[in-house]
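Trainee: Supplied in structure tokens, the structure appears directly below.
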Amino acid sequence: MNSKQCMDIYNKYFMQLYNPVDFIPVSGHGSRLLDVDGRDLIDFSGGVAVTALGQTNKILVDALVEQAHKLWHVGNIFTNLPQIELAQKLVDNSCADKVFLCNTGAESVEAALKLARRYATKTYGPQKHKIVSFLQSYHGRSLFTVSTGGQAKYWDGFYPLPPGIFHAKFNDIESVRELVDDDVAAVIIETIQAEAGVMLIERDFLYELRKICDAKKVALIIDEVQTGMGRTGHLLSYMDYGIEPDIICMAKALGGGFPIGAMLAKEPFAGAFQMGTHGATFGGNPLAAAVACKSFEIINTPEFLANVKKQSEVFFAELHKINQEVDIYCDLRGKGLLIGAELKDEYKGRAFEIVHLAAKHGVSVLMASPNVTRFLPSLIIPLADIKEGMQRLKKALFAFKTAAE
Ligand SMILES: *Cc1c(COP(=O)(O)O)cnc(C)c1O
């Protein structure tokens, strides 16, 4: 089957949610993908922040295959060795005391919101149930998490939304003070609003937010689904800010490409989940946990995390270089290997076209908003792939510019 035939079937049989690029990957290694037509592509999109260690990483493949020969799934009437090992790693290397394992980012956020609400309403009374989130934030697509997210376009057609959710302005501490009263159970925030155009949190803002949460007895939830597992050069992004959250959401890169999520919490919040109050059939599945353990071991070393910062410098420098030639972006920003490039005014609203043109030229990039191209390469992408990918991107950007004029 060639890519045209694949796309015809795709369009006939799938609900049209994604508009994928015209490149159907059949195999991959590291940051390179091959498609049904034998074309090659350099991956700057990393499965949307999932394949932090590239495609078919040998250590992860071995961990998966080894586990596949031992035990696949037992359900939560049992515990199992890989999930015990993973829980220890997550708790011993973060500020959390306890963990809940699930499968996706939305599930980890859903669990975090439920935990915070249950703790607050059981401890202080049913009035303390409000959730404060931020405009433009992204927390997943279940009804509770999408309502918590701050993008009204994702609410369209899904009303009525669950009540009790309010949105402050990112990096605007006064807007937080206005909303966080004694009836708030949780504030949820990202340190980088990736889906809002890669907007970075301000250090002082996060520090003040922590103080407000302490004063009002509010659980501070940090959504690390995209920023976690080394993406910013820290195991979890909050570790760079000198504060600790009460609850942490993880998924995406946690399994390096195998679906797994986790919600971590400190005491006393963690104690609000008791026998029967929450659950997930696949949560803690041994295949997922075995891969996540290996992935965690590789990423959580000082050398690895320091190298992410070096990789980031190289990536920024190369991106800056091509932009000097093409002159299409007005701002390059981000942290570690979560990078956004904002289009100049004359190209606003067209980041989407660049995604498709880039793929045509053999490199995959993402959007972070209609005006921002987003890069989420593997944390171990080879230098040669960064350079070659940038040359391909440069050609795509010139083609975009020509088409735009
Ligand atoms: C991707 C993402 C989610 C949702 O994760 P899913 O696995 O798609 O449910 C939640 N929060 C953030 C910050 C994300 O980037």
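Trainee: Ranked highest first by the average count of other Cβ atoms within 10 Å around their residues, in what order do 332-345, 226-239 fall? Working shown, then result.
Mentor: Working: 332-345: 21.4, 226-239: 25.3.
Sorting 332-345, 226-239 by mean packing, highest first, produces 226-239, 332-345.
Trainee: Dipole of region 7-94, Cα-centred, from +1 at each Lys and Arg C-beta and -1 at each Asp and Glu C-beta, to the nearest 20 debye? Mind showing how you got there, number by number?
Mentor: Details: 6 positive and 10 negative charges, 36 e Å.
I would put it at about 180 debye.
Trainee: Follow-up. For region 144-245, what is the charge dipole size about the Cα centre, in debye to the nearest 20, if Lys and Arg each add +1 at the Cβ and Asp and Glu each add -1 at the Cβ?
Mentor: On the way: 9 positive and 17 negative charges, 26 e Å.
The calculation lands at about 120 debye.
Trainee: If the viscosity is 0.890 mPa s and the temperature 25 °C, what translational diffusion coefficient in µm²/s does Stokes-Einstein give for region 326-405 when Rh comes from Kirkwood over Cα pairs?
Mentor: Values: Rh = 12.7 Å.
Once the numbers are plugged in, D ends up at 194 µm²/s.
Trainee: Residue by residue through region 30-46, which ³J(HN,Hα) values in whole Hz follow from phi under the Karplus form 6.51 cos²θ - 1.76 cosθ + 1.60 (θ = phi - 60°), with glycine and proline marked x?
Mentor: Result, rounded to whole Hz: x, 9, 10, 10, 10, 10, 4, 8, x, 7, 10, 9, 9, 9, 9, 10, x.
Trainee: Tell me the carbon and sulfur percent of the accessible area for region 115-242, rounded to whole percent, probe radius 1.4 Å. Write out the running numbers ahead of the final one.
Mentor: Details: 2730 of 5130 Å².
Within region 115-242, the accessible surface is 53 percent carbon and sulfur.
Trainee: Would you mind getting the accessible area per residue of the chain, heavy atoms of the protein chains only, 1.4 Å probe, in Å²?
Mentor: Numbers: 17920 Å² over 405 residues.
For the chain, the per-residue accessible area is 44 Å².
Trainee: Extension gain residue 344-residue 3, at 0.36 nm per residue separation less the Cα-Cα distance, in nm?
Mentor: On the way: separation 341, 0.36 × 341 = 122.76 nm, distance 3.31 nm.
Length difference between fully extended and current span is 119.4 nm.
Trainee: Another question, then. Work out how much length residue 19 to residue 402 would gain on full extension: take 0.36 nm times their residue separation and subtract the Cα-Cα distance, in nm to one decimal. Show your work: numbers first, answer last.
Mentor: On the way: separation 383, 0.36 × 383 = 137.88 nm, distance 2.33 nm.
Stretched out fully, the residue 19 to residue 402 stretch lengthens by 135.5 nm.
Trainee: Measure nothing fancy, just the Cα-based angle from helix 351-360's long axis to the longest principal axis of the chain, in degrees from 0 to 90, nearest 10.
Mentor: 50
Trainee: If all Cα-Cα distances of the chain are sorted into 10 Å bins from 0 onward, what percent lands in each bin, rounded to whole numbers?
Mentor: Result returned by the calculation: 5, 22, 31, 27, 13, 3, 0.
Trainee: Residue farthest toward the positive end of the dipole of the chain, with Cβ of Lys/Arg at +1 and Asp/Glu at -1: which of 192, 173, 57?
Mentor: Final value for the positive-end residue is 57.
Trainee: What's the angle, to the nearest 10 degrees (0 to 90), between helix 105-124's Cα axis and the longest principal axis of the chain?
Mentor: 20
Trainee: Summing +1 for each Lys or Arg and -1 for each Asp or Glu, what net charge is found among the other residues whose Cβ lies under 14 Å from the Cβ of residue 287?
Mentor: Values: positive: 70, 294; negative: 62, 66, 85.
The answer is -1.
Trainee: Quick one: which residues, 5+ away or cross-chain, put their amide H under 5 Å from the amide H of residue 329? H built at 1.01 Å from N.
Mentor: 344
Trainee: Same structure, new question: From the phi of every residue in region 20-28, what ³J(HN,Hα) in whole Hz does the Karplus formula 6.51 cos²θ - 1.76 cosθ + 1.60 yield, where θ is phi - 60° and glycine or proline is x?
Mentor: The phi angles translate into x, 6, 7, 7, 9, x, 10, 7, x Hz.
Trainee: What's the center-to-center distance, using Cα atoms, between region 329-380 and region 152-230 in Å?
Mentor: 25
Trainee: Sticking with this structure for a sec: I need the calculated FRET efficiency for the pair residue 300 and residue 326, taking r as the beta carbon distance and R₀ as 45 Å, to the nearest 0.05. The partial results should precede the final answer.
Mentor: Values: r = 37 Å, r/R0 = 0.83.
Efficiency for this residue pair is about 0.75.
Trainee: Return one number: the angle in degrees, 0 to 90 and rounded to the nearest 10, between the long axis of the Cα atoms of helix 81-92 and the longest principal axis of the Cα atoms of the chain.
Mentor: Roughly 80 degrees, rounded to the nearest 10.
Trainee: Now, a different point. In nanometres, what is the gap between the two model label sites at residue 352 and residue 26, each 7 Å from Cα along Cα-to-Cβ?
Mentor: Placing both labels 7 Å along Cα→Cβ, they lie 3.1 nm apart.
Trainee: Using the Cα centre of the chain as the reference point, and only Cβ charges (+1 on K/R, -1 on D/E), how large is the resulting charge dipole? Debye, rounded to the nearest 20.
Mentor: The dipole magnitude comes to about 440 debye.
Trainee: Carbon and sulfur together cover what percent of the accessible area of region 305-405 at a 1.4 Å probe radius? Don't jump to the answer; show the numbers that get you there.
Mentor: Numbers: 2260 of 4130 Å².
So the carbon and sulfur contribution to the accessible surface is 55 percent.
The values are calculated or read from the model by the stated rules, or taken from the named source; none is laboratory data. In this text, all values refer to a predicted model and were calculated from it rather than measured experimentally. We place every Cβ from the backbone using ideal geometry, glycine too, and count neighbours over all the protein chains shown. Only protein heavy atoms, including side chains, enter the accessible area calculation; ligands, DNA and RNA are left aside. Shrake-Rupley method; radii C 1.70, N 1.55, O 1.52, S 1.80 Å.
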